[in-house]
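Heads up, the thing below is written out as structure tokens.
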Amino acid sequence: MNRLDEAVQFFRGERSFHRLFCEMKKKYESLGRIGGTISVASFSMEEKDAIASFFGKEMSRVSLAAFEQQLANTKFAGISLVELLSSYFGEPLVTKKEQQQQAEQEKEAYFARLIHTYRAQRDWLMEMANQRVAQLAYQQNPQALEAAISAVCRALEQLPSTYVRLPMFAQKVANDPHAFDLHTLAGKLLLSALQFYADTKYDLSSVEDVNELLQSYRLLREDVLNFVTCAGVMAEKEGRHPVFAAACETNTALNVPLREVMPLTRAYPSIGNTVFIVENAGVFSTLLDMNVPLISTNGQLNLATIWLLDLLVKEGVALYYSGDFDPEGLKMAQRLVERYGSSVRLWHYDRSDYLVTKPTVPLPDERLAKLQSVTLHDLQPVKQEMLRRKKAGYQEALVEMLRRDTIF
């Protein structure tokens with residue numbers, strides 16, 4: 001038996017040293033060298049006695065360098081502490097830095113393998129590998145990440161040529177209708193891939209933008225519960241649509257699902273060339289008595305509403321928008337103007353109208369922060385006043401002014 005084996009046998013036989021050896025191993029791996037000290041305050045009396053016997057005196061802290069120096073004063077002289085610890089634990093000591101380097105090399109090899117395997121999606125995979133969602137997924141479960149990437153790559157190769165509902169597409173691609181549910185890893189990666197290859201930049205934190213992104217690839221997330229509320233709007237699909245026609249004749253409000261909006265070929269006001277858009281259902285219902293073309297966004301600009309507005313703008317219709325004076329309302333107004341340009345008129349939606357609402361509802365800082373993305377020139381006066389007052393105003397306070405404007 002050589003001296004190193006003898007030393008290992010000795011210290012393994014003295015179990016009171018085990019805790020100290022574990023702490024010295026951790027200290028070396030942390031520092032990457034023989035250095036630092038170990039407090040023995042929480043050690044047992046038996047462990048403290050063993051350490052005192054080794055050093056020939058009581059110790060409150062044990063220096064790794066001092067332990068190695070004391071080792072040289074025993075029959076195990078010439079054995080380094082690194083050698084002793086490695087043999088004692090039966091494995092090489094690997095510093096934290098070395099562990100991190102090894103982990104990074106393994107991760108690079110992992111993504112390099114995937115990029116080689118799915119070469120058709122190489123460009124997206126190279127970008128995705130650096131995204132936070134992929135980094136976290138790799139740390140948590142590399143196997144699950146690879147399975148999700150595989151499903152997304154298959155999906156990209158089988159994108160539909162005609163509209164299909166997302167669960168049906170997922171069933172076809174992954175044999176699981178929920179495979180691309182947007183809260184899942186595969187769902188998030190699918191959005192990442194579609195965004196990467198899309199011609200338009202979408203805000204993936206926006207439900208409406210996500211739906212538009214999917215729709216641009218003929219994938220429908222929801223086509224029944226996604227609906228537009230309208231009245232006084234005529235539509236055509238192989239001739240006049242009987243439901244829209246009947247609703248116009250009786251001044252009836254319609255909640256039209258995306259499923260029914262998509263086949264339409266034309267849409268236009270039943271009278272005049274203007275459609276009034278309001279944000280809230282209560283205001284919509286009040287103005288409905290005026291028997292004018294109306295659309296309510298119900299607080300969000302969903303895909304069914306956008307689809308109908310696209311058809312209206314194609315006919316040269318003027319869109320008058322009135323919304324709440326809060327960050328979300330201003331952002332919706334900006335989005336409408338950005339999409340439809342001069343076809344949109346902001347309707348009782350300036351600083352003076354905001355003041356007429358007598359704003360009283362406080363806006364917390366996290367909502368006010370949303371105003372940073374409101375850059376439309378015409379909205380700057382009301383935006384600045386809202387930032388100054390930190391209060392919201394609501395279009396219900398303007399309903400009589402709005403009603404008067406709809407009298408033809």
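Examine the range 311-322 for a residue that is modelled with pLDDT of 95 or more, under 30 Å from Leu258 (Cα atoms) and within 30 Å of the chain's Cα centre (by Cα), and state whether such a residue exists. Write out each step before concluding.
Taking the range 311-322 first, the residues modelled with pLDDT of 95 or more are 311-322.
Applying the additional criterion that residues be under 30 Å from Leu258 (Cα atoms) yields 311-322.
From what is left, the residues that are within 30 Å of the chain's Cα centre (by Cα) are 321-322.
Checked the range 311-322: at least one residue is modelled with pLDDT of 95 or more, under 30 Å from Leu258 (Cα atoms) and within 30 Å of the chain's Cα centre (by Cα).
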Every residue from the range 172-195 that is over 14 Å from the mean Cα position of the chain (by Cα) and surrounded by fewer than 16 Cβ atoms within 10 Å (Cβ to Cβ): Lys172, Asn175, Asp176, Pro177, His178
Members of the range 141-164 found to be open to solvent by 90 Å² or more (accessible area, probe 1.4 Å) and more than 23 Å from Met126 (Cα to Cα), listed by number: Ser161, Thr162, Tyr163
Single match in Val224, Val261, Val243 (criterion: open to solvent by 10 Å² or more (accessible area, probe 1.4 Å) and under 30 Å from Gln195 (Cβ atoms)): Val224
Qualifying residue in the range 197-209 (condition: crowded, with 17+ Cβ neighbours inside 10 Å and polar (S, T, N, Q)): no
So Glu366, is it open to solvent by 70 Å² or more (accessible area, probe 1.4 Å) and closer than 29 Å to Asn273 by Cβ: no
Residue ID - nearest to Pro269 (Cα to Cα), chosen from residues in the range 291-300 that are open to solvent by less than 50 Å² (accessible area, probe 1.4 Å) and either in contact with a helix residue (DSSP H, G or I) (Cβ under 8 Å, 6 or more places away or on another chain) or of a type in the set (Ser, Thr, Tyr) (or both): Leu294
Residue in the range 197-218 that is hydrophobic (A, V, I, L, M, F, W, C) and at pLDDT 95 or above present: no
Criterion violated by Gln102 - all others in (1) open to solvent by less than 60 Å² (accessible area, probe 1.4 Å); (2) in a helix (DSSP H, G or I) satisfied: (1)
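Just for helices (runs of 4 or more DSSP H) wholly inside the range 132-232: which have at least 1 residues that are within 30 Å of Asp289 (Cβ to Cβ) and not aromatic (Phe, Trp, Tyr)?
The helices (runs of 4 or more DSSP H) meeting that bar are 207-216.
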Check on Ile271, farther than 30 Å from Asp181 by Cβ and either buried (at least 20 other Cβ atoms within 10 Å of the Cβ) or in contact with a helix residue (DSSP H, G or I) (Cβ under 8 Å, 6 or more places away or on another chain) (or both): no
Lone unmet requirement of (1) touching a Gly at 6+ places or on another chain (Cβ under 7 Å); (2) more than 29 Å from Thr274 (Cβ to Cβ) for Gln372: (1)
Residue within the range 266-275 that is under 30 Å from the mean Cα position of the chain (by Cα) and either assigned to a loop (DSSP other than H, G, I, E, B) or charged (D, E, K, R) (or both) present: no
Among the candidates Val361, Val337, residue that is of a type in the set (Val, Ile, Thr) and crowded, with 17+ Cβ neighbours inside 10 Å: Val337
Number of the exception - Leu309 against (1) open to solvent by less than 10 Å² (accessible area, probe 1.4 Å); (2) more than 21 Å from Gln380 (Cα to Cα); (3) out of contact with any Ser or Thr (no Cβ under 7 Å at 6 or more places or on another chain); (4) touching a residue at least 60 places away in the same chain (Cβ under 8 Å): (4)
Any chance Leu346 is crowded, with 16+ Cβ neighbours inside 10 Å and in contact with a Lys or Arg (Cβ under 9 Å, 6 or more places away or on another chain): no
Filtered residue count, the range 227-240, keeping only those that are among the hydroxyl-bearing types (Ser, Thr, Tyr) and open to solvent by 30 Å² or more (accessible area, probe 1.4 Å): 0
Residue tally, condition more than 20 Å from Met332 (Cβ to Cβ) and touching a Pro at 6+ places or on another chain (Cβ under 9 Å), over the range 353-371: 0
Residue check, Tyr138 closer than 24 Å to Gly187 by Cα, in contact with a helix residue (DSSP H, G or I) (Cβ under 6 Å, 6 or more places away or on another chain), of a type in the set (Phe, Trp, Tyr) and open to solvent by less than 90 Å² (accessible area, probe 1.4 Å): yes
Residues of the range 370-391 classified as open to solvent by less than 90 Å² (accessible area, probe 1.4 Å), free of Cβ contacts under 8 Å to residues at least 40 places away in the same chain and not polar (S, T, N, Q), total: 4
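The values are calculated or read from the model by the stated rules, or taken from the named source; none is laboratory data. Model, not experiment: these values are computed from the prediction. Ideal geometry is used to build each Cβ from the backbone, glycine not excepted, and the neighbour counts take in all protein chains shown. Areas reflect the complete protein model, heavy atoms only, side chains present, ligands, DNA and RNA absent. Shrake-Rupley method; radii C 1.70, N 1.55, O 1.52, S 1.80 Å.
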